[in-house]
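Just below is one structure, and these are the notes that go with it.
No lab work stands behind these numbers, since they all come straight from the coordinates. Here the structure is a predicted model, which is why all the values come from computation and not from measurement. Glycine gets a Cβ as well: all are built from the backbone with ideal geometry, and neighbour counts include every protein chain shown.
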Amino acid sequence: MPASTTDRTHSALDVGWVRAQFPSLRLTVNGQPAAFLDAPAGTQVPQQVADAMRDYLLHDNANTGGAFATSRRTDAMLAEAHQAMADFLHAERDEVFFGQNMTSLTFALARAIGRELQPGDEIVVTSLDHDANVAPWRALEERGLVIYQVDVHPEDCTLDMDDLRRKITGRTKLIAAGYAANAVGTINDVQEVVRLARAAGALSFIDAVHYAPHGPIDVRALDCDFLACSPYKFFGPHQGVIYGKREHLVRLRPYKVRPAPESLPDRWETGTLAHESIAGVAAAVEYIASIGRRFAPGMAEGAAGRREAIVAAYGVIREYESALARKMIAGLVEIPGVTFYGISDPARFSRRVPTVGIRLARAKPAEIAARLGERGIFTWDGNYYAVNLTERLGVEREGGLLRIGLVHYNTAEEVDRLLAALREIAAR
Ligand SMILES: Cc1ncc(COP(=O)(O)O)c(C=O)c1O
């Protein structure tokens with residue numbers, strides 16, 4: 001779909017250029033252009049990511065540590081991919097480790113942390129989080145750990161920070177919280193979560209999976225102990241990544257095979273990794289940096305370092321996404337019979353990403369998603385594993401929510417199409 005002039009006026013971002021990088025966005029469904037409003041479940045990939053994966057498989061495919069050309073190129077590619085993720089998170093290269101996905105990595109990390117803890121020690125999780133940041137910690141209940149779950153304010157789906165403070169005790173060993181909520185888009189005050197954890201002598205684990213496509217992450221400024229994200233949610237292939245402070249990654253004892261190196265990050269990267277996918281992750285980080293170099297004011301192509309370009313890219317992305325979110329939310333709350341979950345006051349939009357959850361009085365989320373899907377509009381229904389939240393909001397047994405998630409390749413025309421279709425479904 002061509003970029004509209006309205007898209008350009010909102011931002012420095014040229015959405016026409018952006019969309020041209022993503023071949024899959026040309027898909028049509030029943031004669032209509034596909035509108036990918038399903039980003040929270042996984043974003044599309046630019047051509048350069050697919051090229052990097054194909055090139056790795058066709059030219060460099062090998063295991064690591066061998067005394068021959070393709071193995072050496074694999075080692076070099078892995079080092080560069082760790083550096084790319086380190087630039088993305090503002091970490092050191094050996095403080096990031098790759099794995100199948102965020103969920104598997106978090107279970108592995110939680111098991112390693114659990115080995116250090118005693119029965120009666122406490123962990124705090126939240127009701128706003130995806131279950132991948134709840135279940136791995138709850139699994140430690142088997143070892144006698146006590147898990148407390150922080151409540152949310154149901155009226156705007158924000159974390160109840162007073163409840164968090166109440167749940168911290170002298171036995172709290174870790175606080176696990178999300179950076180942004182995958183069901184309703186709330187950005188949490190993670191700086192304050194980390195500060196509270198530190199003050200209590202506890203570790204902090206931040207799930208940044210949903211935040212990563214929308215805003216810059218700086219683990220140094222945040223001073224968190226651990227942070228997780230999933231490159232397939234920020235224009236890369238299926239893959240998970242965790243950052244950990246070096247002191248913890250050295251001290252903790254991950255479950256590993258004996259011959260695997262004890263060095264960082266190897267001791268955390270169990271078995272042979274999906275090398276082609278990791279090559280794609282480095283390309284995804286490069287793609288984001290290219291947005292900064294191309295569109296951020298005062299930034300010339302090639303002039304900025306990668307970290308600087310990534311931070312600049314998110315300035316441009318956030319500005320563009322905010323304008324789209326404003327338009328979408330203003331339209332959604334006007335639809336007769338709509339219930340909107342999450343922050344809807346434009347004055348508070350700095351506390352949200354452009355992911356929204358709604359219900360309509362006359363149609364269940366699954367039905368709405370199916371009817372939108374027939375028109376080529378891709379959304380999601382249910383709980384998207386944020387089941388603690390849908391239970392808390394009392395909608396779990398009612399089919400959950402309809403989730404609409406925008407990223408910087410979506411357009412104002414797509415939002416218009418969505419709103420028109422929803423108005424029609426609501427009026428049926
Ligand atoms: C906020 C959040 N955390 C964690 C996950 C799990 O990520 P993965 O699929 O990489 O295990 C998701 C996936 O949807 C998510 O949205």
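Ranking 372, 341, 389 by how far each Cα lies toward the positive end of the dipole of segment 271-399 (charges on Cβ) leaves 341 at the top. Its DSSP H runs of at least 4 residues, each contributing -39,500 (n - 2.57), put the calculated 222 nm mean residue ellipticity of the chain at -12000 deg cm²/dmol, to the nearest 500. In a fully extended conformation the segment linking residue 107 and residue 350 would gain 84.3 nm over its present Cα-Cα distance, using 0.36 nm per residue. The ranking of 153, 214 from fewest to most other beta carbons within 10 Å of each one's beta carbon is 153, 214.
Summing Lys and Arg as +1 and Asp and Glu as -1 over all other residues whose Cβ lies under 14 Å from the Cβ of residue 62 gives a net charge of -2. Dipole magnitude for the chain: about 180 debye, using +1 per Lys or Arg Cβ and -1 per Asp or Glu Cβ, origin at the Cα centre.
In the Gaussian network model of the chain, springs joining C-alpha atoms below 10 Å, which of 278, 123, 335 carries the largest mean-square fluctuation? Answer for the Gaussian network model of the chain: 335. Each of 328, 161 was scored by other Cβ atoms within 10 Å of its Cβ. Listed from fewest to most, they are 161, 328. Neighbours of residue 337, meaning other residues whose beta-carbon lies under 12 angstrom from its beta-carbon, give a summed charge of +3 when Lys and Arg score +1 and Asp and Glu score -1. In segment 61-161, a dipole from Cβ-located charges (positive for Lys and Arg, negative for Asp and Glu) runs towards its positive end, and of 103, 124, 158 it is 103 whose Cα lies farthest in that direction.
Take every DSSP beta bridge with both residues inside segment 108-198 and express the antiparallel ones as a percent of the total, to the nearest 5. Among the beta bridges of segment 108-198, antiparallel pairing accounts for roughly 25 percent.
Stretching residue 361 away from residue 115 to a fully extended chain increases their span by 83.7 nm, per 0.36 nm per residue minus the current alpha-carbon distance. Packing around the peptides 407-416, 339-348, taken as the average count of other Cβ atoms within 10 Å per residue, puts them in this order, highest first: 407-416, 339-348. For the options 17, 268, 137, a Gaussian network treatment of the chain with springs between C-alpha atoms closer than 10 Å singles out 17 as fluctuating the most.
Shape class of segment 331-428 from the alpha-carbon gyration tensor: rounded, with the ratio a/c of largest to smallest axis under 1.5. Using r as the Cβ-Cβ distance of residue 223 and residue 29, and R0 as 45 Å, what FRET efficiency do you calculate, to the nearest 0.05? FRET efficiency, residue 223 to residue 29: 0.50. Using the Cα gyration tensor of the chain, with a ≥ b ≥ c the square roots of its eigenvalues, what is the shape: rounded (a/c below 1.5), prolate (a/b larger than b/c) or oblate (neither)? Here the chain falls in the oblate category. Among 210, 248, a tally of other beta-carbon atoms within 10 Å of each Cβ gives an order, fewest to most, of 248, 210. Anyone know which of 284, 112, 325 comes out most mobile in the 10 Å Cα GNM of the chain? So, out of 284, 112, 325, the one fluctuating most is 112. Modelled spin labels at residue 47 and residue 67, positioned 7 Å past Cα toward Cβ, are 4.2 nm from each other. For the chain, the share of DSSP beta bridges that are antiparallel, to the nearest 5, is 55%.
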